[in-house]
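Worksheet: one structure, shown below.
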């Protein structure tokens, strides 16, 4: 089980984190999406249109390259450290602002699933120092 700070603190820590911290922790990220796939609070999906007006919901992850690619190939999350930061903004800033609760259960599945051995506990410890 994770021991992360209370969500009001994590919101400020993530909001105020500098680019270098995201680059440091994202350098081991292989953009596999394992963290998002295993996470019980990640809910991103892609709607795929099939013949006969069938729509299929397919799991998607903010860690995948091209997750936010739009027309003409523009991608605001093209760089890995920006995708990495986006995941933390979603879990610890945007969702708490909307729902008054962090989008992290503290289960640690993301740490266990991470091929790059990224440990968000270490990230938060560094953010708190």
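The values are calculated or read from the model by the stated rules, or taken from the named source; none is laboratory data. Just so you know, these numbers come straight off a predicted model, no measurement behind them. Positions of Cβ are backbone-derived with ideal geometry, glycine not excepted, and every protein chain shown enters the neighbour counts.
What number of residues within segment 88-108 are within 13 Å of the chain's Cα centre (by Cα) and closer than 12 Å to residue 40 by Cα?
Number of matching residues: 3.
Of everything in segment 49-72, what is surrounded by 10 or more Cβ atoms within 10 Å (Cβ to Cβ) and not in a strand (DSSP E or B)? Give them in sequence order.
If the condition is that a residue be surrounded by 10 or more Cβ atoms within 10 Å (Cβ to Cβ) and not in a strand (DSSP E or B), then 60, 61, 62, 63, 64, 65, 66, 67, 68, 69 are the ones that fit.
Which of (1) within 23 Å of residue 127 (Cα to Cα); (2) surrounded by 12 or more Cβ atoms within 10 Å (Cβ to Cβ); (3) more than 14 Å from the chain's Cα centre (by Cα) is the odd one out, the single condition residue 75 does not satisfy?
Going through (1) within 23 Å of residue 127 (Cα to Cα); (2) surrounded by 12 or more Cβ atoms within 10 Å (Cβ to Cβ); (3) more than 14 Å from the chain's Cα centre (by Cα) one by one, residue 75 breaks only (1).
Under 8 Å between Cβ atoms, at least 6 apart or on separate chains: pull out the pairs that start in segment 29-57 with a residue that is within 11 Å of residue 110 (Cα to Cα) and end on any residue that is part of a strand (DSSP E or B).
Close Cβ pairs (under 8 Å, with a partner that is part of a strand (DSSP E or B)) amount to 37/59.
Name the residues in segment 35-86 that are closer than 20 Å to residue 119 by Cα and touching a strand residue (DSSP E or B) at 6+ places or on another chain (Cβ under 9 Å), would you?
36, 37, 42, listed by residue number.
Run residue 72 past the list (1) within 27 Å of residue 27 (Cβ to Cβ); (2) modelled with pLDDT under 80 and report the number of the one that doesn't hold.
Going through (1) within 27 Å of residue 27 (Cβ to Cβ); (2) modelled with pLDDT under 80 one by one, residue 72 breaks only (1).
Is it fair to say residue 37 is surrounded by 12 or more Cβ atoms within 10 Å (Cβ to Cβ) and in a loop (DSSP other than H, G, I, E, B)?
Here the answer is no, as residue 37 does not meet what is asked.
Please work out if residue 111 is within 11 Å of the chain's Cα centre (by Cα), closer than 17 Å to residue 22 by Cα and in contact (Cβ under 8 Å) with a residue 12 or more places away in the chain.
Taking the combined requirement at face value, the residue does not satisfy it.
How many residues does segment 18-38 hold that are out of contact with any helix residue (DSSP H, G or I) (no Cβ under 6 Å at 6 or more places or on another chain) and either at pLDDT 90 or above or on the phi < 0 side of the Ramachandran plot (or both)?
So the count comes out to 11.
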